[in-house]
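The values are calculated or read from the model by the stated rules, or taken from the named source; none is laboratory data. Since this is a predicted model, take the numbers as computed values, not measurements. Cβ atoms come from the backbone with ideal geometry, glycine included; neighbour counts cover every protein chain shown. The protein model used for the area step is the full one, side chains on, heavy atoms only, and it has no ligands, DNA or RNA in it. Shrake-Rupley method; radii C 1.70, N 1.55, O 1.52, S 1.80 Å.
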Amino acid sequence: MGVGERKGSVLEDLIQRAGGCAVVDGGFATQLEKHGATINDPLWSALCLIKDPHLIKRVHMEYLEAGADVLITSSYQATLPGFLSKGLSMEEAESLLEKSVKLAIEARDKFWDSLKEVPGHSYNRALVAASIGSYGAYLADGSEYSGCYGPDTSLEKLKDFHRRRLQVLVNAGADLLAFETIPNKLEAQACAELLEEENIKIPSWICFSSVDGENAPSGESFEDCLDILNKSNKIDAIGINCAPPHFIESLIGKFKRLTSKAIVVYPNSGEVWDGRAKRWLPSKCFGDDKFELFAARWRDAGAQLIGGCCRTTPSTVQAISNALRGLTEANLDSYPL
C-alpha cells in the first residue's frame, strides 16, 4: 500500500508555513463530555463514532477555530477488537475507523472553505492526523502508563494488533499518522517496523508518555527507545503526549540531544488519570495562562509541534496559538518551573 512518492514534506511544509512551530489540537474526550457525550466505556471517545458523530465534528471545528494546524482523529481508542466486542461486524468496525478520518477531513474542509471570505486571516490549512493509540489504550487497564503488557506480548503480536487499523486509516485519506502514548521500546519498534512493512507513504509521528519526566513509562531510557526510531525514514517526528506539562521542557532538551527528527509535544493539563479507578485525581495542573506562557518556551527549546492532550480545551489551544503566533506579550520569567 502507499503507492507513489512519500509525502513526508507535507508535515515539513506545514511547520514552515506556521513559522517553524505548528499547533496541534487539544483534549478530545474532555470536550466531548462538555457537550453531553457519555464516554465511560472501554471505547472511550471512540464510542461517539457510533452514538454521536455530530459531536466529533463539532469538537474538530472548535479546535480549528482556536487555531489548530493539526487535527487528531477520534480513533485513539477505536480498535477493531474493541468494536467487535460490541457486537459489530468487521465491516462495520472498519467503516467506523474510516468515519473517524472522514469526519475530521469534512470539518477541516468546511472550515477552510469558510475562510475564503476572510481576508488576511492567519490560519493554515490543517492536516488530519489519524490517531493510533497504544496497545495499552485498547486494554483499558492503565498499561499505556506502565508499559507492562505481560510476557505473552511479542513484537509480532503488537504489529498484528496495529496492522489492519493502520491500513484502514491510511486508505481513508489521513494526511499523517499519530502513534500516541507509546509506553515501551517494544511497541515503538513494532510501530516503526510496521511502517516499513506496509510501505507507508504519508508522514508519521510516534509519541511516548512519561510518568517520571526522565524515561518511558516502562522504565526504559528514551535513548534506547529513540535509537530504533532514528533508523527509520518513515518516522518524521518523535515526542511526548499525555505527560504532565512540567516535564516538557526538560524532555524537549533530552530529545534534542537524541534525535534530529522534528519534536512534537502535547502534554495533558497536569491532572493525573487513575487508569484502574477510571477517574482524574486532584493534582497541580497548568491553566491556559501557563500554556500560553510556556508554549513559546517549548518552541524555543526545540519543539516544532505543540498542542494539548487530556483535560485541555479549545481555549488552551487558542492560548498556545496566540503565543506561537506572537499575539501576546508574555513574561516567562514570572512563571518559573
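Pairs linking a residue in the range 64-92 that is over 22 Å from residue 10 (Cα atoms) to a residue that is at pLDDT below 95 and among the aliphatic types (A, V, I, L, M), with Cβ atoms under 6 Å and 6 or more positions apart or on different chains, are 77/43; 77/46; 77/137; 78/46; 82/43.
Does residue 103 satisfy being of a type in the set (A, V, I, L, M, F, W, C), open to solvent by 10 Å² or more (accessible area, probe 1.4 Å) and touching a residue at least 40 places away in the same chain (Cβ under 8 Å)? The answer is yes for residue 103.
Return the residue satisfying two criteria in turn: it lies in the range 1-18 and is modelled with pLDDT under 95, of a type in the set (Gly, Ala, Ser) and in a loop (DSSP other than H, G, I, E, B), and of such residues it is farthest from residue 306 (Cα to Cα). Going through the qualifying residues, I end up with 4.
Among the candidates 150, 133, single out the residue that is closer than 14 Å to residue 76 by Cβ and not basic (Lys, Arg). Being closer than 14 Å to residue 76 by Cβ and not basic (Lys, Arg) holds for just one of 150, 133, which is 133.
In the set (1) more than 26 Å from residue 318 (Cα to Cα); (2) touching a Leu at 6+ places or on another chain (Cβ under 9 Å); (3) part of a loop (DSSP other than H, G, I, E, B), residue 98 fails one condition alone, (3). Residue 160 meets the conditions (1) of a type in the set (Asp, Glu); (2) open to solvent by 30 Å² or more (accessible area, probe 1.4 Å); (3) under 30 Å from residue 21 (Cα atoms) in every case but one. The failed one is (3). Within the range 240-272, being outside any loop (DSSP other than H, G, I, E, B) and of a type in the set (Ser, Thr, Tyr) holds for 250, 266.
Inclusion of residue 71 among residues that are farther than 14 Å from residue 138 by Cα, touching a helix residue (DSSP H, G or I) at 6+ places or on another chain (Cβ under 6 Å) and open to solvent by less than 40 Å² (accessible area, probe 1.4 Å) is warranted. Count of the range 113-167 residues, restricted to those that are polar (S, T, N, Q) and outside any loop (DSSP other than H, G, I, E, B), is 4.
A single member of 180, 144 is within 15 Å of the chain's Cα centre (by Cα), at pLDDT below 95 and surrounded by 22 or more Cβ atoms within 10 Å (Cβ to Cβ), and it is 144. Suppose we keep only residues that are in a helix (DSSP H, G or I) and among the aliphatic types (A, V, I, L, M) within the range 188-237. Which one would you say is surrounded by the fewest Cβ atoms within 10 Å (Cβ to Cβ)? Among them, the one singled out is 228.
Exactly one residue among 59, 24 is touching a residue at least 24 places away in the same chain (Cβ under 8 Å), in contact with a strand residue (DSSP E or B) (Cβ under 6 Å, 6 or more places away or on another chain), within 25 Å of residue 125 (Cβ to Cβ) and hydrophobic (A, V, I, L, M, F, W, C), and that residue is 24. Taking the numbered list (1) of a type outside the set (Lys, Arg); (2) under 16 Å from the mean Cα position of the chain (by Cα); (3) within 29 Å of residue 300 (Cβ to Cβ) in turn, residue 214 passes all entries but (2).
Against the conditions (1) farther than 20 Å from residue 268 by Cβ; (2) touching a Cys at 6+ places or on another chain (Cβ under 7 Å), residue 27 satisfies every one except (1).
Every residue in the range 38-51 that is open to solvent by 40 Å² or more (accessible area, probe 1.4 Å) and not in a helix (DSSP H, G or I), please. Matches in the range 38-51: 38, 40, 42. The set of residues in the range 133-167 that are touching a strand residue (DSSP E or B) at 6+ places or on another chain (Cβ under 9 Å), touching a residue at least 40 places away in the same chain (Cβ under 8 Å) and over 18 Å from residue 219 (Cβ atoms) comprises 133, 137, 165.
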